[in-house]
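Below is one structure, written out as structure tokens; the observations come after it.
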Amino acid sequence: MNYYLVAPAKSFHQSENLLTYESEAPLAVGQIVEIPLGKQSSIGIITESVKKPDFATKPISRVLYETPLPKQIIKAIFWLADYYRCPLSSIISAALPRGITKNRRAKAALADNPIFSPDADNPLNAQQKSAIKEIESNPANTVLLHGITGSGKTNVYIELAKHQLEAGKSVILLVPEIALTSQLVQNFQRFFKDVILLHSEQTEAVRHQLWQQALETDTPQIVIGPRSALFAPVKDLGLIIIDEAHEPAYHQDQNPKYSALRLASQMSKTVLGSATPLVSDYYVCKQHAAIISLDELAIKNDKSAEISVVDFKNRADFTRNRILSNQLIESIQRSLDAGQQSLIFHNRRGTAPLTICDKCGWQALCENCLLPLVLHADKYQLSCHTCGRHFPVPTACPECGNASIHHKGFGTKLIEEELRKLFPRAKIGRFDADTASDQQLNKVYTEVKNGGYDILVGTQMLAKGFDFPKLSTLGVIQADAGLNLPDFSSEERTYQLLTQVIGRANRGHQNSHIFIQTFQPDQKIIQFATSGNYADFYNYLLEKRHIAKLPPYTFLLKLSLKFKTEKATVTNAQKLFRQIQKIIRTDNLSQIYVTPPMPAFHEREHTGYTWQIIIKAKSRKNLVAIFDQLDKSSYLHYDFDPYTLL
Ligand code: ADP
Ligand code: ZN
Ligand code: ZN
């Protein structure tokens, strides 16, 4: 008889995470099996072969796949459990595809090495060549490719991937979910014959089949997908490439919470590609001398992009429209006359983000989330952008009966309406989460690329992975819109978004004019972004982080408590705070900073009240030591290395 430790995908009562089972036939570490668990059954992963224990064991019910999971996946599962203190079962459920016990005919395993065409159309330039050499020879495990928009990072990725395949190694390319239809992905698919493309729109059956294909193919593979593609069971993983590595999409904020960047670097050599890297990533890679820069455009040109900052407070510039400045309107007109395109960005969808009564101060809030409802005038309803519920627009104030209710602020739908009034003959399109969910992303993308629109209005979705060949006017409606959120990452996000948006017009197809409208023209972040100065931005933010004891100078743990009543929340938060202070005293831990309990940004919800405590620590080990000693309950939520503190 053989004995094995198995990590089950279902949670169970005993405190230890691994259970011992027996099997007549010898099995391998990494094999996925079905096991009896209490009165139920569960799938599980064999993690270790052990000696006969001194207690009775149950037999493994069946082996689901002959091929064991590759070792990087086993390593990832244990690392996640240890680093983020989350239950193995939740990680295993996330790491394996749904419906894994169903008997689906696997797609034929991929037979040959993918065949790639020679790179005749785009020979690498000198800068790209030397970047590839430096990346491959850099001893650091995580390397940052800091390349400006248009510097040709795609070709660098393709060449790196090609070298891996030639050496018999697999490659995983991560892209933010939104970029799955981007030129980057299309180029990879054009270049490599058999790319395994994973995304969230695929059915359970398709995802299961692709997963089996990756598991059962012996030859090296290229997998492209969002953060969860890290769990694709490819053989001999040689490299993980993370494009647009600053994107929040790489942080999973539900259990198991993790950063795909940190996880990737535990699994294989990792390349982070970005024009606007997170200051924390830049700081760490700089310390390891692992930053490689691409600072020239791949396609040189004498076309230029002129940037004008328009002060929103200067109403003389807004005589033709209250949202679109005269300069911007005139430039759109010039572009129209020349048969060229205009892009208008605003990071807020819907028509108006506030619906209020002027008389009594009543505000339309979501019944569920207690957050402001957004008017969508085309459907004439109020929508909650947090939970997605819709409500009718009241004809009078529900509080005081006042018949005139006001809709304040502006979103992409309102901007689209205004543009239609100003340019009745132009072909105007809108691209945001509302259109992307109504229509197929792919279809919109093709229309955009084929120049089917004269003017496009959209949220930051529009800024990612698109190339607009006929673009000559670009407008940012309110550049400071995200700056004033009370969060340590809001300046960084604003810089990234602005840089990305400006990058759309910097591709040098023709001279273009960029208008940045803002209430705060002197704000540092707006200045850094419009001058394209990453170094100044980095130094500025790093100093602030240093003073505020924030990453990269500390590690963060966000603890949230949520109870039905405010009193219970506050009492328990104070109790937790005292417990933390006691642990710090008893263990004599130093360089730990604990913020007293505070209401969370979204303090009140229909289901209760949330308060939070933030712990900052110089050493992550101390952070974990504190966490491990806390009283855990289902009221306590925790987030290591949170991306935001909201
Ligand atoms: P990034 O992702 O760094 O913003 P891309 O990879 O999209 O940039 O490349 C920008 C443009 O430059 C693309 O149109 C691409 O085809 C082109 N390009 C990249 N490398 C080369 C090269 N070596 N020679 C000619 N054109 C190139
Ligand atoms: Zn009222
Ligand atoms: Zn809601």
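The values are calculated or read from the model by the stated rules, or taken from the named source; none is laboratory data. Computed from a predicted structure; not experimentally measured. In this analysis, Cβ positions are derived from the backbone assuming ideal geometry, glycine residues included, and neighbour counts consider all displayed protein chains.
Scanning the range 515-565 for residues that are assigned to a loop (DSSP other than H, G, I, E, B), β-branched (Val, Ile, Thr) and in contact with a helix residue (DSSP H, G or I) (Cβ under 7 Å, 6 or more places away or on another chain) yields a total of 0. I want to confirm something. Restricting to the range 183-209 and keeping residues that are of a type outside the set (Asp, Glu), touching a Lys or Arg at 6+ places or on another chain (Cβ under 7 Å) and part of a helix (DSSP H, G or I), which single residue is surrounded by the most Cβ atoms within 10 Å (Cβ to Cβ)? So the residue we want is His208. Taking residues in the range 541-557 that are closer than 21 Å to Phe528 by Cα, and partners anywhere that are of a type in the set (Lys, Arg) and assigned to a loop (DSSP other than H, G, I, E, B), not one pair has Cβ atoms closer than 8 Å while being at least 6 places apart or on different chains. For the range 237-296, residues that are within 16 Å of ligand 1 (Cβ to nearest atom) and among the polar types (S, T, N, Q) total 3.
Yes or no, residue by residue, for (1) in contact with a helix residue (DSSP H, G or I) (Cβ under 9 Å, 6 or more places away or on another chain); (2) at pLDDT below 90:
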site: Thr181; (1), (2): yes, yes
site: Gln186; (1), (2): no, yes
site: Gln189; (1), (2): no, yes
site: Ala205; (1), (2): no, no
site: Ile241; (1), (2): yes, no
site: Leu261; (1), (2): yes, no
site: Tyr282; (1), (2): yes, no
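For Ala403, the stated conditions hold: it is among the small types (Gly, Ala, Ser) and outside the structural domain of Thr319 (by TED's automatic domain parsing). Note on the range 34-60: among residues that are surrounded by 15 or more Cβ atoms within 10 Å (Cβ to Cβ) and among the hydroxyl-bearing types (Ser, Thr, Tyr), the one that is nearest to Ser90 (Cα to Cα) is Ser42. Looking across Lys10, Lys75, one residue alone is at pLDDT 95 or above, basic (Lys, Arg) and within 30 Å of Gln202 (Cα to Cα). It is Lys75.
Go through Ala214, Ala289 for me and flag whichever is in contact (Cβ under 8 Å) with a residue 40 or more places away in the chain and either part of a loop (DSSP other than H, G, I, E, B) or not β-branched (Val, Ile, Thr) (or both). Going through Ala214, Ala289 in turn, just one is in contact (Cβ under 8 Å) with a residue 40 or more places away in the chain and either part of a loop (DSSP other than H, G, I, E, B) or not β-branched (Val, Ile, Thr) (or both): Ala289. The residue of the range 374-388 that is modelled with the lowest pLDDT, among those that are hydrophobic (A, V, I, L, M, F, W, C) and near ligand 3 (Cβ under 8 Å from one of its atoms), is Cys387.
For beta carbons closer than 7 Å, sequence separation of 6+ or different chains, a first residue in the range 180-194 that is among the hydrophobic types (A, V, I, L, M, F, W, C) and away from ligand 2 (no atom under 16 Å from the Cβ) and a second that is part of a helix (DSSP H, G or I) and at pLDDT below 85, the qualifying pairs are Val185/Ala179. Restricting attention to the range 345-378, the residues that are in a strand (DSSP E or B), among the hydrophobic types (A, V, I, L, M, F, W, C) and more than 16 Å from ligand 2 (Cβ to nearest atom) total 4.
Output yes when any residue across the range 169-184 is farther than 30 Å from Ala529 by Cα and of a type in the set (Gly, Ala, Ser), and no when none is. Looking for residues that are farther than 30 Å from Ala529 by Cα and of a type in the set (Gly, Ala, Ser), one finds at least one in the range 169-184, hence yes. In a loop (DSSP other than H, G, I, E, B), more than 16 Å from ligand 2 (Cβ to nearest atom), within 27 Å of the chain's Cα centre (by Cα) and not charged (D, E, K, R): does that describe Gly429? For Gly429, the condition - in a loop (DSSP other than H, G, I, E, B), more than 16 Å from ligand 2 (Cβ to nearest atom), within 27 Å of the chain's Cα centre (by Cα) and not charged (D, E, K, R) - is not met. Would you say Pro68 is at pLDDT 95 or above, within 33 Å of the chain's Cα centre (by Cα) and either exposed (fewer than 15 other Cβ atoms within 10 Å of the Cβ) or part of a loop (DSSP other than H, G, I, E, B) (or both)? Judged against the criteria, Pro68 is a match. Picking from Cys397, Cys387, which residue would you name as being part of a loop (DSSP other than H, G, I, E, B) and touching a residue at least 40 places away in the same chain (Cβ under 8 Å)? Sole residue among the options that is part of a loop (DSSP other than H, G, I, E, B) and touching a residue at least 40 places away in the same chain (Cβ under 8 Å): Cys397.
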